[in-house]
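The values are calculated or read from the model by the stated rules, or taken from the named source; none is laboratory data. Please read all numbers here as calculations on a predicted model, not as lab measurements. Methodologically, a virtual Cβ is constructed for each residue, glycine included, from the backbone with ideal geometry; neighbour enumeration extends over all protein chains shown.
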Amino acid sequence: MARTVGFFTDTTLCIGCKACEVACKEWNQLPGHAPQFGDGYDNTSQLDEQNWRHVQFHERTTAKGGVAWNMMSDVCKHCALASCMEVCPTNAIIRTEFDTVYIQPSVCNGCRDCIAACPYHVIGFDEASGLARKCTFCYDRLQANLTPACAKACPTESIKFGDLDTMREVAGARLNQLRGQGMSEARLYGDKEYGGLHALFLLTDKPEIYGLPPTESAVLPSRNNVRGYLGTLVTAALGVAGAVFAFRERGGKE
Amino acid sequence: MVEHFVTPPQWEWYIVWYFFLGGIAGGVYALGAILRLLGDDRDAPVARLAFLLSLPVLAVCPILLTLDLGRPLRFWHMMIDSRTFGLNFKYWSPMSVGVWVLLIFCVFAFVSFLEALASLRGSRAPFLAGGLGRVFVIVGAVFGLFLAGYTGILLSVSNQPIWSDTWALGALLLASGLSVAAATLSLVTRLGRHEQSAEAKLTRADRYFTILELVLLVVFFLSLGAVGSRFLAPRWMALWVVVLIGTLVPLALHFSTERRVPAMFAAVLTLVGGLALRIVVVFGAQM
């Protein structure tokens with residue numbers, strides 16, 4: 001049943017339990033990496049080929065001088081204008097009937113162009129399979145009319161799942177509610193970036209803090225095509241002119 | 001400046017060598033074509049040598065690219081849609097364009113190689129004689145130049161910091177490709193017994209290419225702005241010094257002498273500098 005789906009992650013409700021990470025790994029049969037412990041509770045570090053959900057922990061100083069965490073369950077944004085899909089030379093990356101972005105394992109040849117293109121450091125290269133891998137939005141569960149594993153497991157409903165339009169409405173209402181309560185720093189991310197993301201986030205700090213490019217930086221790789229080719233064309237013309245001049249030049253020590 | 005959070009694609013030594021050898025193969029073919037079109041009879045052996053060199057160097061390139069894939073046996077997915085079996089071509093994806101250019105250029109390099117071989121035996125393939133032959137090598141040279149330069153555009157058309165923060169990478173790698181191609185041809189020419197006239201012409205051409213490369217190095221850093229400070233780490237600085245030695249010393253030698261040994265030394269330095277440039281550009285942005 002085709003529909004346009006989306007996530008809405010409300011970071012103010014995230015308690016950092018990582019149930020989403022565990023559910024994702026269980027359902028998608030991802031063994032994960034060996035845990036890495038730093039000075040916080042984050043032991044998965046980043047999104048990659050094994051971590052399709054990643055709960056971030058960001059320490060911040062509160063107005064009263066205390067320390068608090070900003071936590072966010074990060075995931076592939078399934079951008080409407082997807083950088084990975086734009087550069088993929090094999091057309092392995094497709095848009096599904098649910099309007100999500102999916103890497104077809106049977107088509108991908110592991111060129112890794114998509115990894116250099118994704119501005120959200122979502123995609124990782126899986127050495128074992130030789131493929132680029134990322135969140136599938138639980139494509140198999142969607143086909144069975146089931147909720148993605150992460151949203152299903154989230155105990156606080158920080159991760160919400162539904163039709164994208166509904167998610168936008170829910171996100172907008174929650175933003176108004178928080179601002180009405182005096183949380184002026186609350187902001188919505190994902191409404192405008194890359195044509196609209198299929199994973200919306202309600203943040204309480206600047207997007208960069210969470211590893212999200214600011215809105216003005218949400219630009220596609222193809223922006224560099226024209227100027228790159230033009231610069232190269234001019235250089236080719238100068239190079240050929242130089243060669244012609246050198247090869248026609250007379251005199252000297254010939 | 002755009003701010004992105006990108007995972008490095010782990011493009012490493014296969015890609016560095018592909019960029020280097022692709023620059024030589026494409027550049028050497030273009031120089032051979034120009035020498036053939038504009039040179040005199042004394043230049044014919046060097047033009048022929050260029051066509052004899054281009055194909056063997058080029059032949060390594062698809063092997064390197066295939067080995068770099070996570071699934072090498074699926075290399076054909078680059079050209080053919082594995083679901084519909086139609087052709088895969090995305091003009092806005094430099095990797096897709098590059099694969100086709102590499103394939104087409106292989107045809108030109110192969111035919112010119114055969115023609116050069118035939119020429120060595122005193123005959124000339126009839127279809128490459130006259131106007132058609134001239135058109136053929138001109139078109140081949142266009143593909144060769146594209147191969148030498150598109151690699152920089154491939155890096156730029158991403159969201160990887162440094163690569164995507166500049167428009168000058170394609171231009172820089174093309175200028176460097178022409179320079180290392182002239183150095184390669186000059187080196188091989190001087191190892192054999194060819195006319196000094198052609199050697200002098202190659203040296204003069206390399207002089208222009210090196211100046212162009214130096215200008216583009218400045219443009220590259222200016223276009224990067226503050227992002228370029230990532231290259232100030234000691235290991236990258238050491239490689240940039242090698243790049244500068246590989247451009248400035250040959251340039252000085254080109255202006256001061258055309259004697260055989262210094263000219264060969266200059267060519268070797270140019271090759272080392274060209275390789276160092278690709279190493280620092282490819283690895284420097286990913287670490």
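Return the residues of the range A:164-190 that are surrounded by fewer than 13 Cβ atoms within 10 Å (Cβ to Cβ) and assigned to a loop (DSSP other than H, G, I, E, B); say none if nothing qualifies. The answer is A:Q181, A:G182, A:S184, A:E185. Any residue at all in the range A:213-225 that's in the same structural domain as A:L47 (by TED's automatic domain parsing), within 22 Å of A:F57 (Cβ to Cβ), of a type outside the set (D, E) and part of a loop (DSSP other than H, G, I, E, B)? The answer is yes, given that some residue of the range A:213-225 is in the same structural domain as A:L47 (by TED's automatic domain parsing), within 22 Å of A:F57 (Cβ to Cβ), of a type outside the set (D, E) and part of a loop (DSSP other than H, G, I, E, B).
In the range A:192-212, the residue that is farthest from the other protein chains (Cβ to nearest Cβ) out of those that are touching a helix residue (DSSP H, G or I) at 6+ places or on another chain (Cβ under 7 Å) and either farther than 28 Å from A:T62 by Cβ or in a helix (DSSP H, G or I) (or both) is A:H198.
Among the residues of the range A:85-100, the ones that are in contact (Cβ under 8 Å) with a residue 40 or more places away in the chain and more than 8 Å from chain B (Cβ to nearest Cβ) come to 5 in all. When A:T215, A:T235 are checked against the criterion of being more than 13 Å from the chain's Cα centre (by Cα), crowded, with 19+ Cβ neighbours inside 10 Å and β-branched (V, I, T), a single residue qualifies: A:T235. Within the range B:17-40, which residues are facing chain A (nearest Cβ under 10 Å) and either among the small types (G, A, S) or outside any helix (DSSP H, G or I) (or both)? Hits for the range B:17-40 are B:G27, B:A30, B:A33, B:G39, B:D40.
Considered as a group, the residues in the range B:149-180 that are within 7 Å of another protein chain (Cβ to nearest Cβ) and not in a helix (DSSP H, G or I) include one that is farthest from B:A266 (Cα to Cα), and that residue is B:N159.
Would you point out the residue of the range B:78-117, among those that are hydroxyl-bearing (S, T, Y) and either in a helix (DSSP H, G or I) or touching a Lys or Arg at 6+ places or on another chain (Cβ under 6 Å) (or both), that is nearest to the other protein chains (Cβ to nearest Cβ)? Even if it seems obvious, please write down each step before you answer.
Initial filter on the range B:78-117 (hydroxyl-bearing (S, T, Y)): B:82, B:84, B:91, B:93, B:96, B:112.
Those left that are additionally either in a helix (DSSP H, G or I) or touching a Lys or Arg at 6+ places or on another chain (Cβ under 6 Å) (or both): B:96, B:112.
Numbers: B:S96: 4, B:S112: 17 Å.
Applying the filter and picking the extreme gives B:S96.
Take the conditions (1) assigned to a helix (DSSP H, G or I); (2) crowded, with 23+ Cβ neighbours inside 10 Å; B:L64 misses just one of them, which is (2).
For the range A:220-241, give me each residue that is in contact (Cβ under 8 Å) with a residue 24 or more places away in the chain and either closer than 10 Å to B:W167 by Cβ or out of contact with any Leu (no Cβ under 8 Å at 6 or more places or on another chain) (or both). Those that are in contact (Cβ under 8 Å) with a residue 24 or more places away in the chain and either closer than 10 Å to B:W167 by Cβ or out of contact with any Leu (no Cβ under 8 Å at 6 or more places or on another chain) (or both): A:P221, A:S222. Annotation: of all residues in the range B:139-148 being of a type in the set (A, V, I, L, M) and more than 10 Å from every other protein chain (Cβ to nearest Cβ), the one that is surrounded by the fewest Cβ atoms within 10 Å (Cβ to Cβ) is B:V139.
Residue-by-condition table, conditions (1) under 19 Å from A:D113 (Cα atoms); (2) under 16 Å from the mean Cα position of the chain (by Cα):
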| position | (1), (2) |
| --- | --- |
| B:Y150 | yes, yes |
| B:P161 | yes, no |
| B:A168 | no, yes |
| B:S176 | no, yes |
| B:L185 | no, yes |
| B:K201 | no, no |
| B:R204 | no, no |
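Any idea which residue in the range A:119-138 is farthest from the other protein chains (Cβ to nearest Cβ), counting only those that are touching a Phe, Trp or Tyr at 6+ places or on another chain (Cβ under 9 Å) and closer than 18 Å to A:L81 by Cβ? The qualifying residue farthest from the other protein chains (Cβ to nearest Cβ) is A:F137. Taking only the range B:119-133 into account, find how many residues are farther than 21 Å from B:I34 by Cβ and not in a loop (DSSP other than H, G, I, E, B). Of the residues in that region, 1 qualify. Can you confirm whether the range A:70-92 contains a residue that is more than 15 Å from the chain's Cα centre (by Cα), surrounded by fewer than 17 Cβ atoms within 10 Å (Cβ to Cβ) and either hydrophobic (A, V, I, L, M, F, W, C) or in a loop (DSSP other than H, G, I, E, B) (or both)? Among the residues of the range A:70-92, not one is more than 15 Å from the chain's Cα centre (by Cα), surrounded by fewer than 17 Cβ atoms within 10 Å (Cβ to Cβ) and either hydrophobic (A, V, I, L, M, F, W, C) or in a loop (DSSP other than H, G, I, E, B) (or both), which makes the answer no. Selection of the range A:55-69 for residues being touching a residue at least 60 places away in the same chain (Cβ under 8 Å) and surrounded by 20 or more Cβ atoms within 10 Å (Cβ to Cβ) yields only A:Q56.
Taking the range A:179-192 as the range and being at pLDDT below 95 and within 27 Å of A:V101 (Cβ to Cβ) as the test, the residues that pass are A:D191, A:K192. When the residues of the range A:101-113 are filtered to those that are hydrophobic (A, V, I, L, M, F, W, C) and more than 13 Å from B:G70 (Cα to Cα), the one that is nearest to the other protein chains (Cβ to nearest Cβ) is A:I103. Are any residues in the range B:65-77 touching a Gly at 6+ places or on another chain (Cβ under 9 Å) and either at pLDDT below 95 or at the interface with chain A (Cβ under 7 Å from one of its Cβ atoms) (or both), and if so, which ones? If the condition is that a residue be touching a Gly at 6+ places or on another chain (Cβ under 9 Å) and either at pLDDT below 95 or at the interface with chain A (Cβ under 7 Å from one of its Cβ atoms) (or both), then B:L69, B:G70, B:R71, B:R74 are the ones that fit.
Between B:S96, B:S112, B:S82, the distinction of being hydroxyl-bearing (S, T, Y) and surrounded by fewer than 20 Cβ atoms within 10 Å (Cβ to Cβ) belongs to B:S82 only. You will find that of B:F19, B:F51, the residue that is buried (at least 21 other Cβ atoms within 10 Å of the Cβ) and within 30 Å of B:R121 (Cβ to Cβ) is B:F51 and no other.
So is A:D48 charged (D, E, K, R), in a loop (DSSP other than H, G, I, E, B) and in the same structural domain as A:Y120 (by TED's automatic domain parsing) or not? Walk me through it before giving the result.
Numbers: charged (D, E, K, R): yes; in a loop (DSSP other than H, G, I, E, B): yes; in the same structural domain as A:Y120 (by TED's automatic domain parsing): yes.
Answer is yes for this residue.
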